[in-house]
Structures are given as C-alpha cells and as structure tokens.
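Just below is one structure, and these are the notes that go with it.
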Amino acid sequence: MTIDWSTWKPGDTDAEFIASTPGWLAEGLKNQKISFSGADKVQLDEVANIVALGLGSGSAESKTVKEVVSQLSIDKELAKSLTHFAMALAMCQRALGEYEYAKGAKIQWDSAGCCDKCNQNDGEVIEAGKTFPSGHQFPPACEYCICDIMPFMEF
C-alpha cells in the first residue's frame, strides 16, 4: 500500500465542524461536569470558534491558546484550560462519532493517570455511546485530562 502524501494537509476538519457549533463548548463543559474559574465571564462561542479554526488548520494547542488570549483578551491560564478542554473534547467526540458508525462497536478508555476519575475508566471497554464507570461517555473527564478513547478489538 502506498500513500500519496502530496495531497495531505494538516488539520481535522471534522473536529473543526464539531467545535464550531453554537453553544457546543458551554454544553460540553456542562455535560462533562467541568468548570473553570472565570469561564462564566467569557464568550465561550468565541473561544470555540478560535479552537475550531486551530483544529481545522492543524495548529498546536499552544498557538491556539495565544490566539484566544490575543483575540479575546482573557487570562492566559484560563485560555489554556478552555483551549485544552475544547480541543480534547472535539477530538474525542469526532472519534466517538466514527466508532458509533459501526453497530455494536466497542471502545476502550486510555487513561493518562491525570486523576482518580480517569483512572477508574482506564482499560474499561464499553459499547460506543454507553458510559464509563465515571459516568462519562468519553474524555475529558477532568480539568487537565489528556486521556483518549480507542476502538477495542477482540482477537
């Protein structure tokens, strides 16, 4: 199998589409039961739009944080937290969407050891769309989550 790398472009247009949905970031924070001090004073749709553009262009998280700080004039630490959460959420939602296309697809949580909540999900296998022991369908489950989901293959 050969790959034509001349047509490859960085970025994740599916995650970009997800993150650009109005109200998406506020809903994601609510659903994942995560709050950041000061986030209630920020236009979350504006943060999400900057994150969406970063995801679509393949920008590094640090570059996207700088864009959020520059364009919205918010505290850098809050920008880092919101940007990290939003990027992780969009990518996990995109991945989950791909896995759910296969009826009965199973997914597994891969914990990065960031917290007890995430660790209780580590290695757990569920059907896509169901919930892990923490009550989450996918990461992020904590403020600084770097966990991921992956398809589970039975051999």
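Give me the net charge for the shell around residue 11: Cβ to Cβ below 14 angstrom, other residues only, Lys and Arg +1, Asp and Glu -1.
Residues close to residue 11 contribute a combined charge of -1.
Taking only complete DSSP H runs, can you tell me which helices of the chain stretch 27 Å or more along their own long axis by Cα positions and average at least 1.6 on the Kyte-Doolittle scale?
Correct list, ordered by number: empty.
Considering only 31, 121, 49, give the residue with the highest GNM mean-square fluctuation for the chain, with springs between Cα atoms whenever their separation is below 10 Å.
Comparing 31, 121, 49 in a Gaussian network model of the chain, the most mobile one is 31.
What does DSSP give for the chain in terms of the percent of beta bridges that are antiparallel, rounded to the nearest 5?
90
How would 42, 125 line up from fewest to most surrounding beta-carbon atoms within 10 angstrom?
Lowest to highest Cβ neighbour count: 125, 42.
Find out how many positive minus negative residues lie around residue 142, taking Lys and Arg as positive, Asp and Glu as negative, among other residues whose Cβ is under 11 Å from that of residue 142.
0
Please sort by residue number the chymotrypsin sites (Phe, Trp or Tyr not before Pro) in the stretch 44-143 whose DSSP state is loop and whose Cβ has at most 12 other Cβ atoms within 10 Å.
101
Name the longest site-free stretch of the chain, where the excluded sites are trypsin sites (Lys or Arg not before Pro) in a DSSP loop with no more than 12 other beta-carbon atoms within 10 Å.
With trypsin sites (Lys or Arg not before Pro) excluded where exposed in loops, the chain gives 34-102 as its longest stretch.
Set the Förster radius R0 to 35 Å, insert the Cβ-Cβ distance between residue 2 and residue 37 as r into 1/(1 + (r/R0)^6), and round the FRET efficiency to 0.05.
For R0 = 35 Å, the calculated efficiency reads 0.10.
Using the Cα centre of the chain as the reference point, and only Cβ charges (+1 on K/R, -1 on D/E), how large is the resulting charge dipole? Debye, rounded to the nearest 20.
Dipole of the chain, to the nearest 20 debye: 200 debye.
Read the figures in this text as sums done on the coordinates, not as results from a lab. It should be emphasised that the depicted structure is a prediction, and the values quoted were computed from it without experimental measurement. Positions of Cβ are backbone-derived with ideal geometry, glycine not excepted, and every protein chain shown enters the neighbour counts.
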